[in-house]
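What follows is a short report on a single structure.
What follows is calculated from the coordinates using simple rules that are stated; it is not laboratory data. All values reported here derive from a predicted model rather than from experimental measurement. In this analysis, Cβ positions are derived from the backbone assuming ideal geometry, glycine residues included, and neighbour counts consider all displayed protein chains.
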Amino acid sequence: MDYQRVFTQAIDRLHAEGRYRVFIDILRNKGMFPNARCFAGHNGPKPITVWCSNDYLSMGQHPKVIAAMEEALHDVGAGAGGTRNIGGNTHYHIDLEAELADLHGKEGALLFTSGYVSNEATLATLAKILPGCIIFSDELNHASMIAGIRNSGCEKRVFRHNDLAHLEELLAAEAPDAPKLIAFESVYSMDGDVAPIAEICDLADKYNALTYLDEVHAVGMYGAHGGGISERDGVAHRITVIEGTLAKAFGVMGGYIAADKVVIDVIRSYAPGFIFTTSLAPVLVAGVLASVRHLKSSSAERDGQQAAAAMLKRLFAEAGLPVMPSTTHIVPLLVGDPVKTKKISDILLAEYGVYVQPINYPTVPRGLERLRFTPGPSHTEEMMQELTQALVEIWDRLELELRQAA
Ligand SMILES: Cc1ncc(COP(=O)(O)O)c(C=O)c1O
């Protein structure tokens, strides 16, 4: 076999479809987010404004987080030095797990090296432990949940996105005594819509199913203490496993689950993705601890983010830009063509110093390619007005259609 040719053809297919991924080379400026430097050109770094970061609340720049990380670095050094079982179970990890369990009102929590790993490891292990388990999965679930479900080897039923009637139809079709698990997200990060969590819990009660909720795009940002949509809606106690990331609103890195003690113990004891890997560096855990503690008691960042998202949606709609109907902090702008989406993103970066990554298939379905903006408490009204103006100019230049201004 001509290996080289096969690999090259695979890459060529991506180019032909206009969805070859280019990673932008940037450095953020500490304490100045969303300002950053871009190294794309040849004339040294160029100042840019970042509009697509998942450091949603700028906590990765927060003085308390940075101070906690510096202190930990000087106190205990760089790495964890081992798996949780062999030398890597630091006091920071134990403290953070207690803090996260408390955040979600659960008996325990367990840290992983990323949100991806927490989903993959937990879903694969839970379903393997339950003989004959059937997983009911929302069609828009994240790749990490899909990987976990696939790796569990169990039966899977996919329900239409947020469609309770379809979910019930699928649940009702299975044997009443078969173990069942409903896996879904709270905030869907590409559209910015929210799952009907209470109603899904009602179905779980009716059909005796467990529930697994990915709150990756909600923790830190919703609920009085940042416990996510399940806290906001007062339903956290009804969810079997709540999963979250420490890399988005909490601004650092890592993932976790929160659940009853026995569920945590099972995953801790059986999940390869938890057991056979070095634990998170204490420096990272110390930073997350500061971040979670801060966001538990401060709503200023959450309020600032909601205000910024509302303003950007309004400015886009008033300008006739095709903003999609998100009910959350995510502001997607529909383009519907991968080549044009990339072109708009390139012009924004080259001419306006605006960085927003094009979102193409397979992250979103073909034909629904978009630009996904994530305004936060550090984006000013002036930045939003400049952004809107730039987009209108580009829409005009590329002869894209504007809507009737709202
Ligand atoms: C819904 C969802 N779950 C899980 C993850 C993975 O989280 P992490 O980035 O911490 O690996 C992501 C990442 O973007 C996500 O969007």
Dimensions in Å of region 252-298 - Rg and Dmax from alpha carbons
12.9, 37
Residue by residue, what Karplus-based ³J(HN,Hα) values in Hz, rounded to whole numbers, does region 131-145 have, using 6.51, -1.76 and 1.60 with θ = phi - 60° and x for Gly and Pro?
x, x, 5, 10, 9, 9, 10, 4, 5, 9, 4, 5, 3, 5, 6
Give the long-range amide H neighbours of Glu155: residues separated by 5 or more places, or on another chain, with amide H under 5 Å away, using H modelled in the peptide plane at 1.01 Å from N.
Ile135
Top of Ala124, Ala247, Ala165 by mean-square fluctuation, Gaussian network on the chain, Cα under 10 Å:
Ala165
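What number results when the radius of gyration of region 38-184, computed over Cα atoms, is divided by 2.2 N^0.38 Å? If you can, show how the numbers build up before the last one.
On the way: Rg = 20.9 Å, N = 147, 2.2 N^0.38 = 14.7 Å.
Relative to the 2.2 N^0.38 Å estimate, region 38-184 comes out at 1.43.
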With a ≥ b ≥ c the root eigenvalues of the C-alpha gyration tensor of region 111-159, is it rounded (a/c under 1.5), prolate (a/b larger than b/c) or oblate?
oblate
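Add +1 for every Lys or Arg and -1 for every Asp or Glu among the other residues with Cβ under 11 Å from the Cβ of Leu57, and state the total.
Computed value for this residue: -1.
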Using alpha-carbon positions, what is the distance between the centroids of region 208-266 and region 119-155, in Å?
17 Å
In debye, nearest 20: dipole of region 263-406 around its Cα centre with unit charges on the Cβ of K, R (+) and D, E (-)?
600 debye
Among 239-246, 140-147, 226-233, what's the highest-first ranking by average C-beta atoms within 10 angstrom per residue?
239-246, 226-233, 140-147
List the residues of region 265-283 whose backbone N lies under 16 Å from a point placed 7 Å from the Cα of Ile86 along the Cα-to-Cβ direction.
272-280
Working only with C-alpha atoms, what are the Rg and Dmax values of region 196-270, expressed in angstrom?
12.8, 39
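Assigning unit charges at the beta carbon (Lys, Arg +1; Asp, Glu -1) and nothing else, what dipole magnitude in debye, to the nearest 20, does the chain show about its Cα centre? Please report the intermediate quantities before stating the final value.
Details: 36 positive and 49 negative charges, 160 e Å.
Rounded to the nearest 20 debye, it is 760 debye.
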Computed over the Cα atoms, what is the radius of gyration of region 316-366 divided by 2.2 N^0.38 Å, N being its residue count?
1.18
Cα-based reach from Lys343 at 23 Å (exclusive), listing lysines while leaving out same-chain residues under 8 positions away
Lys46, Lys313
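Past 27 Å, Cα to Cα: identify those pairs from Lys106/Lys128; Lys156/Lys296; Lys106/Lys180, in the order given.
Working: Lys106/Lys128 23 Å; Lys156/Lys296 36 Å; Lys106/Lys180 21 Å.
Cα-Cα > 27 Å for Lys156/Lys296; rest within.
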Please list the non-local residues whose amide H lies under 5 Å from the amide H of Phe373, H modeled 1.01 Å from N, same-chain partners needing a gap of 5 or more.
Val331, Leu333
